[in-house]
Amino acid sequence: MPVWQVVLVVNLTFAVGLGLGYASWGRRVEALDRELEATRARVERLEREQQARATGARAGEQQWEARGVVRAIFPRANMLVITHEEIRGLLPARTTSFQAVSPEVRGSVRVGDPIRFSLRGTLLDDAAIVAIARW
Amino acid sequence: MRLLLLAALWVHLASSVLLMGAFFMLLLAGPSDRPIARRWEETVIAWSRLLVLVAIGSGIVWLLARTAVFEGRPQAALEPRAVWHAVLDTRPGLLWLARHGLLVVLATFLAIRVNVAETMNWIAARGEALVLSTLALALVSGSSHAAAVTERTVFALAGDVTHLLGTGVWMGGLIPLALLLRAASRDAGADVRPYAVLAARRFSRAALAAMILLMASGVMNAIVQVESMAGLAGTTHGRLLLAKLAVLVPILVLAVVNRTHILPALSGLLALSWPSAMRRLAAFVALEAALALVVLTLAAAMTLTTPARHAQPVWPLSFRLSLDALLDGPATKWRALLGGQLAVVGMVALIASLLVRRRRAPVLAGALALVAVGAGVGLPPLVVDAYPTTYRRPLVTYHAASIAPGMAVYREHCAMCHGTTGAGDGTSVEGRRRPLADLRSPPASRRHAGELFWLVTHGIAGRGMPGFESRLSEAERWDVINFIRALGAAQVSTGIGRQVEPERPWLVAPDFTVSVGPLAPGALRDYRGRRMVLVVLYTLPGSGARMTQLARSYDVLWITGVEVIAVPTHATLEAIRELGATSPPALFPVVTDGAPDIVETYRMFAPGPHAEILIDRQGYIRAIWKGETPETAVLLRQVEQLNDEKSVPPFPDDHVH
């Protein structure tokens, strides 16, 4: 076999090997990375659901824990405005208004109090405060 | 261990470069059936077999030494687990693996003796070796400083790869060429002389192109890695680069002599004079190659030092050139302008002297004289004092948490002479013949922060300024410098009024920490590129009405791109509760921690119990309301003005200069 043919075969093997390697292994790694990320998010959601159920929530509901500072209270609407840190899986750090499930939950918190609070719901729109404690 | 690392890297780089150059040279010269040429080719191939083994061996030593340096223990070099980790779990390690895989394939390829009598086979065999050695050399840049550049990594890498491959073509080709010329210059080599001359001429053209690429990519690499003159002259990395350029000068002189004098001599019909010219050319080329190996040592050392952009420069001269000095008066400006013009005319004459053939010497002499006179006239006005720390980057950022403590240090240690406002009218200097400089004046504010650092640290002998090296910590000295910068900024901030001046951002807003309750704090700079910020320094109860007004218009301000940050002059955790009494409630961030620093810093720009400062999206102060409050409509007009701005200036540097 002439040398040029050997070289051609070697280079083709290189190219095909790299191509196939990426197609099967590289892409698989990418897919696995995506899958891992999705599974992590799912596990986190399931954990939040489990936590919610342990405290008597309905099926499909999740629970988020967060820290914040009370900025305003609207007693008639049973609503609190809270400047909070990032709530993983729900919101970045910002100021948001939340409904409290009942006036009792609000307890004696006042504007300016630093608090730890728990939110429960299926998504942002129906997430309501189920527990508040002074920090 | 670092010396071993340097030695291994140098051997690895040199062998990789020589490998690539050898095959490039073989392909450039082309196949030949002359016995001497064949013998030369066999010699080059035999050396290549050895070089590829050397490259692999030195690569292994380099890997072991690197593992030991990274682990911080010499014995780690012999621990399989540590080495395994260095190879498989780091990017340079994986690239090392790929590179050595290519080298092993190349070694195998070279070890197999094949029949290359046919041209096609010859080209395939040598071409394959060139491709493999080129790829192996190019991969070296994957573990270089260029790969660590965070912005425009592709450009930095492209520059580095070009530089490496240019080196391979030019430097690697020199030794095989010298060998060929040497063989051809001997009596027995008469029949191979035309082949050698042709090869030398082809190489000359290729090397010229490679040299141009090397220069261009070298400049690009220097811009990325060295960044400034201070980095070039004041850091180990920069000085190694200067040394590299210094060795490059004799190389270029040799190359020019070879190209303009010896090569043309070889094209003459007087074949009798060829052997001596060839011997001379071979000697010059070999000398060029030896110098190139020195350049490679310096390049390897540069790879192992911290890039100049990350190192603190130590300025080696007692002066520097500063264009700011021209602002001192028209006389200096005219002198510099005249000098500049003379130098430009001199440069034009210099270029002309290179192009013309007749009377080159007098034109060249005249041009050089003009450049020298121009420099002599124009440069002296630009010379200002400099110190080793002139270009040192401050330890702390231009931040309220540094400026406010700096103010306290200044009041305790500096104000008695320099005065509380920095005007140089302190109580202990009364009756002095020579008044102290105003720290807020342009000559003082033009000084680099590093210069101020030197003066504060070591004092000014003969002017009564003591050194504070033993009395103040380094951070405290930088705090004072930040405060002095803020003093200068406050002085000129009187030029900023209640109306935004369109498209003219120039006053940098000192950064500060935004802490709302015990939550994780943010910073003013977090808003850069996203929102404008209205900093409101307020005192209750006086500011009560205004805070209610702001709470009411917060929605509109937010929608137009403004965040309001309220800073109470007496900050406590109660601040939010106190503001909570407004109706509607104030929902913007209210700083509850660290407010005294912010208030002290920003009161330098806007004194009084209530002040509002509008900062644009890039982080520049654009409007100041002192002791009064803007109508919401007026405020919104200023915001609209900022929203309409077309030009986006760069974000200000976090450190003072």
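Just so you know, all these numbers are worked out from the coordinates, no wet-lab data involved. Worth saying up front: this structure is predicted, and the values here are computed from it rather than measured. Cβ sites come from the backbone with ideal geometry, for glycine too, and all protein chains shown count toward neighbours.
Couple of notes before you dig in:
- Exposure proxy for A:1, B:416: other Cβ atoms within 10 Å of each Cβ, ordered fewest to most, give A:1, B:416.
- When you restrict to C-alpha pairs under 8 Å that are six or more residues apart and normalise by the size of the stretch A:62-134, the relative contact order lands at 34 percent.
- Ranking B:459, B:134, B:156 by how far each Cα lies toward the positive end of the dipole of chain B (charges on Cβ) leaves B:134 at the top.
- Comparing Cα centroids, the stretch B:82-142 and the stretch B:556-572 end up 62 angstrom apart.
- Just so you know, the averaged projected area of the alpha carbon convex hull for the stretch B:1-100 sits at 7.1 nm².
- √(5λ) per eigenvalue of the Cα gyration tensor, the stretch B:2-310, largest first, Å: 35, 24, 15
- Calculated log₁₀ intensity ratio I(q)/I(0) where the Debye formula runs over C-alpha points of the protein assembly as shown, q = 0.05 Å⁻¹: -0.45
- Descending Cα extents along the principal axes, the stretch B:490-649, whole Å: 41, 29, 28
- Cα-derived Rg to Rh of the stretch B:400-494, Kirkwood definition: 0.93
- Gap separating the Cα centres of the stretch B:463-480 and the stretch B:42-59, nearest whole Å: 59 Å
- In a reduced charge model with +1 at each Lys and Arg Cβ and -1 at each Asp and Glu Cβ, the protein assembly as shown shows a dipole moment near 2380 debye about its Cα centre.
- By the Stokes-Einstein formula, at 0.890 mPa s and 25 °C, chain A with its Kirkwood radius over alpha-carbon pairs has D equal to 134 µm²/s.
- Rel. contact order, % - alpha carbon contacts under 8 angstrom, at least six apart, chain B: 10 percent
- Sum of side-chain charges, residue B:158 neighbourhood, beta-carbon under 15 Å (Lys, Arg +1; Asp, Glu -1): -1
- Solution diffusion estimate, µm²/s, Stokes-Einstein, the stretch B:230-366, Kirkwood Rh from C-alpha pairs, 25 °C, viscosity 0.890 mPa s: 126 µm²/s
- Per-residue [θ]222 nm for chain A (sum of -39500 (n - 2.57) over DSSP H runs n ≥ 4, rounded to 500): -12500 deg cm²/dmol
- Cβ crowding within 10 Å, taken as a proxy for footprinting-reagent exposure, orders B:304, B:130 from fewest neighbours to most as B:304, B:130.
- The charge dipole of the stretch B:574-653, taken about the Cα centre with unit charges on the Cβ atoms of Lys, Arg (+1) and Asp, Glu (-1), comes to about 160 debye, rounded to the nearest 20.
- Between the residues B:426, A:102, B:568, the greatest Cα displacement towards the positive end of the dipole of the protein assembly as shown, with unit charges on the Cβ of Lys, Arg, Asp and Glu, is found for B:426.
- Per principal axis, descending, Cα span of the stretch B:319-383 in whole Å: 45, 22, 13
- With both residues required to sit in the protein assembly as shown, DSSP beta bridges show an antiparallel share near 80%.
- Environment charge of residue B:201, counting only residues whose C-beta is closer than 15 Å and scoring Lys/Arg +1, Asp/Glu -1: +4
- Largest first, the three principal axis extents of the alpha carbons in the stretch B:177-265 are 55, 19, 19 Å in whole numbers.
- Protection proxy ranking of A:108-121, A:7-20, B:309-322, by the mean of other Cβ atoms within 10 Å over each peptide's residues and highest first, is A:108-121, B:309-322, A:7-20.
- Here chain B is treated with +1 on each Lys and Arg Cβ and -1 on each Asp and Glu Cβ, and its dipole about the Cα centre works out to around 2840 debye.
- Look at where the Cα atoms of the stretch B:576-605 and of the stretch A:1-80 average out, and the two centres are 41 Å apart.
- Mean residue ellipticity at 222 nm, helices only, chain B: -19500 deg cm²/dmol; runs of at least 4 DSSP H residues each add -39,500 (n - 2.57), and the sum is divided by the number of residues.
- Diffusion coefficient, µm² s⁻¹, Stokes-Einstein with Kirkwood Rh over alpha-carbon pairs of the stretch A:62-134 at 10 °C and 1.306 mPa s: 134 µm²/s
- Counting Lys and Arg as +1 and Asp and Glu as -1 over every other residue whose Cβ lies under 12 Å from the Cβ of residue B:140, the net charge comes to 0.
- Ordering B:596, A:38, B:366 by the projection of their Cα atoms onto the charge dipole of the protein assembly as shown, which places +1 on the Cβ of Lys and Arg and -1 on the Cβ of Asp and Glu, puts B:366 at the extreme positive end.
- The alpha-carbon atoms of chain B define a convex hull whose volume equals 225 cubic angstrom per residue.
- Listed from fewest to most Cβ neighbours within 10 Å, the set B:646, B:626 follows the order B:646, B:626.
- Across the stretch B:106-202, the volume of the C-alpha convex hull divided among the residues equals 128 Å³ per residue.
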